[in-house]
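One structure is given here, and the rest of the page talks about it.
Rule-based calculations on the coordinates, nothing more; no lab input. Keep in mind that what you see is a predicted model, and the values were worked out from it rather than measured. Backbone-built Cβ (ideal geometry, glycine too); neighbour counts: all protein chains shown.
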Amino acid sequence: MKIYFLSTGFGSVAKGLFVQGAGMKSVQFPVLSVLIERDNGLVLFDTGIGTRIEEEMRPPIYWGNLFFHRFVMRTRFNPRHDALIYQLQRLGFKPADVRNVIISHLHWDHAGGMRDFPHAHFFVSRREWEFVSNLRLGQLFKNAFIKQQFHEQGLEIELIETDQRKPFKNFSASYDLFGDGSMVLVDLPGHSPGLMGMCLTMPSGRRFFFSADTFYFPEGLEQRMPKSKLMQTLVSEGPEVKASIEQVYKLMRTEPDLEIVGSHDYRLPGRYDLAPKYYS
Ligand SMILES: [Zn+2]
């Protein structure tokens, strides 16, 4: 098994937007997707920003997102170079080699590449899906979802729920993706209602926990500092996020060898090399 860390572009933001009280210094952060190469095919954890971002953010419907993306978060992303399908191509893979995709949550910077993988089987939390399905247009923007990224596109989407009969570490329920314990999903609700984290155990014994957007920057986990009130409002973060951060914090304290990786951690590109480098 090999894993590759990929970033679909980079954003930069005033640190205090992502960590309460952290000041106005601008910090660059990645938009993470993880590619897992298994014997029987490729698996992706999140699809990042995709090739159609420009049309997806076309005003007026998504003017708010567009504004955010240009002026608050200042995302640097070239759809024809940074989208995953092109990054995979440079690694020697075809989009059709990706058999399974886990979507941690349906926010635009995680579900953005779904339509670039029309042959893949997607795993999405039922809770997340039902929440998004019931939102009206204005609410979608407020919650950082872009419905056309995943709705009614003929994509093969399996809605999943964690199983209360299968507690996992300090989580009361889990979903074992392939039934072999190598990739186990757990609920981390709050940032979005159905956000799922994933524990990956490699044959080498190396273990990762991908916590997606439960916290953005390391201070959000290590000091358990919440995101700014503005950010919480912008993405409609729910109060459950506090308990989810506690869950990940507990993991960090009890299992120091477990490598906890957030999707927008500014330390990530220093901690790991991005693709083409891989880890096994
Ligand atoms: Zn995100």
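Being within 12 Å of the ligand (Cβ to nearest atom), of a type in the set (Val, Ile, Thr) and surrounded by 15 or more Cβ atoms within 10 Å (Cβ to Cβ): is that true of THR214 here? Let's see the steps before the verdict.
Working: within 12 Å of the ligand (Cβ to nearest atom): yes; of a type in the set (Val, Ile, Thr): yes; surrounded by 15 or more Cβ atoms within 10 Å (Cβ to Cβ): yes.
Yes: the conditions hold for THR214.
Among the residues of segment 260-277, how many are surrounded by fewer than 16 Cβ atoms within 10 Å (Cβ to Cβ) and farther than 21 Å from GLY21 by Cβ?
So the count comes out to 6.
Might you let me know whether segment 146-156 holds any residue that is farther than 27 Å from ARG99 by Cα, out of contact with any Ser or Thr (no Cβ under 6 Å at 6 or more places or on another chain), surrounded by 14 or more Cβ atoms within 10 Å (Cβ to Cβ) and not acidic (Asp, Glu)?
Among the residues of segment 146-156, not one is farther than 27 Å from ARG99 by Cα, out of contact with any Ser or Thr (no Cβ under 6 Å at 6 or more places or on another chain), surrounded by 14 or more Cβ atoms within 10 Å (Cβ to Cβ) and not acidic (Asp, Glu), which makes the answer no.
Whether any residue in segment 136-153 is in contact with a helix residue (DSSP H, G or I) (Cβ under 9 Å, 6 or more places away or on another chain), in a strand (DSSP E or B) and of a type in the set (A, V, I, L, M) is what I want to check.
Taking every residue of segment 136-153 in turn, none turns out to be in contact with a helix residue (DSSP H, G or I) (Cβ under 9 Å, 6 or more places away or on another chain), in a strand (DSSP E or B) and of a type in the set (A, V, I, L, M).
A quick yes/no check of all residues on (1) in contact with an Asp or Glu (Cβ under 7 Å, 6 or more places away or on another chain); (2) polar (S, T, N, Q); (3) within 16 Å of the ligand (Cβ to nearest atom); (4) on the phi < 0 side of the Ramachandran plot:
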position	(1), (2), (3), (4)
THR162	yes, yes, no, yes
ARG165	no, no, no, yes
LEU188	no, no, yes, yes
PRO193	yes, no, yes, yes
THR201	no, yes, no, yes
PHE208	yes, no, no, yes
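Looking at segment 23-39 only, could you name the residues that are charged (D, E, K, R) and either more than 22 Å from the chain's Cα centre (by Cα) or closer than 12 Å to LEU268 by Cβ (or both)?
Once the filter is applied, which keeps residues that are charged (D, E, K, R) and either more than 22 Å from the chain's Cα centre (by Cα) or closer than 12 Å to LEU268 by Cβ (or both), segment 23-39 yields LYS25, ASP39.
Of all residues in segment 112-135 being in contact with an Asp or Glu (Cβ under 8 Å, 6 or more places away or on another chain) and part of a helix (DSSP H, G or I), which is nearest to the ligand (Cβ to nearest atom)?
The residue in question is ARG127.
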